Each structure stands twice: as C-alpha cells, then as structure tokens.
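Student: Handing you this structure, nothing more for now.
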Amino acid sequence: MNSFENNSTEYDNFEFNNYKSLVSAEIELIQRVFEIRQNFLNSSDSEHLAEPILERISKIKSEKLIFEQKFNLID
C-alpha cells in the first residue's frame, strides 16, 4: 500500500469514526428528549426544554447524511 492509499484509508477511518460519533450523539439526544417529555408531562416547559435539543438532532441528521452518501449507507 502506498502512502496515498494509506493516508486515504486513515482519512476514511477518521470520517467513519466521526459518523459513528454523530450516530451516538443522536441516540443520546433522542433519549434526552424522551426523558424531558416524560419528566415534564403536561407542562409547557417540556417543549421549551426540548426545542434546542431537537434543533441539534436535526443538524446531526444533516451531517450524517453527508457521510451516509459518501459511504453508500443509504439506498
């Protein structure tokens, strides 16, 4: 394996690790939103607290899509 191929493989591994981190963060944030909604049932605070988290989840989904396209993880 030449230096270019080695660097390319390392970069792909780096990007795939970033993708895995995004997936983990998304799962954790979804869990947090669930917990907030459970703990603040029937309260206007529920959505107020969850809104910034939901916005971050949306950004993560966009970031993930780029990796999913690059690694052919979507149909």
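The values are calculated or read from the model by the stated rules, or taken from the named source; none is laboratory data. Model, not experiment: these values are computed from the prediction. Accessible surface areas use protein heavy atoms only, side chains included; no ligands, DNA or RNA. Shrake-Rupley method; radii C 1.70, N 1.55, O 1.52, S 1.80 Å.
Listed here are the residues, each with its yes/no results for (1) open to solvent by 80 Å² or more (accessible area, probe 1.4 Å); (2) among the charged types (D, E, K, R).
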residue: S8; (1), (2): no, no
residue: N13; (1), (2): yes, no
residue: N17; (1), (2): no, no
residue: I27; (1), (2): yes, no
residue: Q31; (1), (2): yes, no
residue: R37; (1), (2): yes, yes
residue: I53; (1), (2): no, no
residue: S62; (1), (2): no, no
residue: N72; (1), (2): yes, no
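Student: Kindly evaluate S3 against the criterion of being at pLDDT 90 or above, of a type in the set (S, T, Y) and open to solvent by 50 Å² or more (accessible area, probe 1.4 Å).
Tutor: On the way: at pLDDT 90 or above: no; of a type in the set (S, T, Y): yes; open to solvent by 50 Å² or more (accessible area, probe 1.4 Å): yes.
So S3 does not fit the description; no.
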